[in-house]
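These notes concern the structure reproduced below.
Since every read-out is calculated from the coordinates, none of them should be taken as a lab result. Since we're looking at a predicted model, the values are computed, not measured. All Cβ positions, glycine included, derive from the backbone under ideal geometry; neighbour counts span all protein chains shown.
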There are 2 protein chains.
Amino acid sequence: MSEGVEWALHCCVVLTVAPQPVPAARLAELHDVSSSYLAKHLQQLARAGLVKALQGGHAGGYVLTRSADEITVLDVVEAVDGTRAAFVCTEIRQRGPVATPPEACTRPCGIAQVMFAADQAWRASLRAVTIAELARGVTKDNGPAAFTGITRWLTKPSEG
Amino acid sequence: MSEGVEWALHCCVVLTVAPQPVPAARLAELHDVSSSYLAKHLQQLARAGLVKALQGGHAGGYVLTRSADEITVLDVVEAVDGTRAAFVCTEIRQRGPVATPPEACTRPCGIAQVMFAADQAWRASLRAVTIAELARGVTKDNGPAAFTGITRWLTKPSEG
DNA sequence: GCAGCATTACTCGGATATAATTTGTCCGAGTACGTCAGG
DNA sequence: CCTGACGTACTCGGACAAATTATATCCGAGTAATGCTGC
């Protein structure tokens, strides 16, 4: 899985507690990752409609478009890694000297079915958790101080 | 996901009905895929202990090491694609200017937990299906003729 | 006719190139604020 | 003092390279059957 998924999820959690729009460069510095590359993933989030990019002199940056409990982890994963399933059936059964005739292939082959079911289970598991729950987990594990520290750093005038 | 997974699964299903050891080249021709590359994946299956490679003049080839209902789809997937989870936590929370102190990171972060749970669900779904069940599905969908045709072709003396 | 042996043809196994995807970077387009001139 | 336009500094967005991984391939090591020879 793309490493950008992890970055994007952390960014979404941070945006949960950000009172202002946060520029991509600020998010990158906060997480100590490549600024330019993170921007790419944030663009993907924007295309998916999860975040909104505000442009302009001093108030620009990214903001969540909806409440954090309306954004599931699956939304972020699919925005970054795409919605295509990991397994794609090549229809091997229709190839080779003993190929199954196409008229007998009305249903996907058993292997594809199993893979599809597993993929559905995976997605369901990710869909069951929201960004808001992730944020709640952080405060539960590390206390409220974690987020106040991040908020304070985010609202710092510039690098100091 | 690696495309070799699909090949390996089909090969395992075929080996279910093969009365003799089947060489890699024969399996490759049957599925119309690269012979050399399929050999690599069969080696991975052999390393995982799912199949046994018999060497020798005319009786060489691959055989399942155990009954097909003792081999799960997950076994094959893990043999080919590895057992590592798709998501690996980079411990982003411990990086950057507002990094979480290491002593507070006794548990994996919430994101990693969610990803791990999803991975577990995915694996459980794949573990629930055996190769024998896949083979049964083929006979149910395409009739017993499908496997008899394959068996007949497999036992053909050579290419003709 | 039978046993032993060298041959042979076939198999797997790992080391080796190539293509695709992921990762990383750069510069141009666009907008809101702050400033300044004019009324 | 208020209004309008302008300039500037900051933002995002997509086009452009490098590294890693997946894909594909080749040739050498090893084994069981086969055919032959000698008894």
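Would you order A:Cys89, B:Cys11 from fewest to most other beta-carbon atoms within 10 Å of each residue's own beta-carbon?
So the ranking, lowest neighbour count to highest, is A:Cys89, B:Cys11.
Per residue of A:91-99, what is the mean number of Cβ atoms on other protein chains within 10 angstrom of that residue's Cβ?
What the average comes to for A:91-99 is 6.
To the nearest Å, what is the center-to-center distance of the stretch B:51-77 and the stretch A:108-127, using C-alpha atoms only?
26
FRET efficiency for B:Gln120 and B:Ser67, Cβ-Cβ distance as r, R0 = 25 Å, nearest 0.05?
So, using R0 = 25 Å, E works out to roughly 0.45.
Output the relative contact order of the stretch B:44-117, whole-number percent, from Cα pairs under 8 angstrom with separation of 6+ residues.
22
Counting only other chains, and only Cβ atoms inside 10 Å, what mean value do you get across the residues of A:60-67?
0
Hey, fewest Cβ within 10 Å first, where do B:Trp153, B:Trp7 land in order?
B:Trp153, B:Trp7
If we hang a label 7 Å off Cα along the beta carbon direction at B:Pro97, how far is it from the matching labels on the other copies, in nm, shortest first?
Nearest to farthest, the other copies are at 6.9 nm.
Using +1 on the beta carbon of Lys and Arg, -1 on that of Asp and Glu, and nothing else charged, what's the dipole of chain B about the Cα centre, debye to 20?
220
Output the relative contact order of the stretch B:24-74, whole-number percent, from Cα pairs under 8 angstrom with separation of 6+ residues.
Relative contact order comes out at 24 percent.
Under the rule of -39500 (n - 2.57) per DSSP H run of 4 or more residues, summed and divided by the residues of the protein assembly as shown, what mean residue ellipticity at 222 nm is obtained, to the nearest 500 deg cm²/dmol?
-16500 deg cm²/dmol
Counting Lys and Arg as +1 and Asp and Glu as -1, each charge on the Cβ, what is the dipole of the protein assembly as shown about the Cα centre in debye, to the nearest 20?
80
If contacts are Cα pairs under 8 angstrom and at least 6 residues apart, what is the relative contact order of chain A in percent?
Normalised by residue count, the contact order of chain A is 28 percent.
If r is the Cβ-Cβ distance from B:Arg136 to A:Ser35 and R0 is 45 Å, what FRET efficiency results, to the nearest 0.05?
0.25
Please order B:Leu30, B:Leu42 by the number of other Cβ within 10 Å, starting at the fewest.
Lowest count first: B:Leu30, B:Leu42.
Quick check: residue separation of B:Val88 and B:Arg107 times 0.36 nm, minus the Cα distance between them. What number comes out in nm?
Length gained, B:Val88 through B:Arg107: 5.4 nm.
From other protein chains only, count the Cβ atoms within 10 Å of every residue's Cβ in B:142-155, then give the mean.
Partner Cβ neighbours, averaged per residue: 2.
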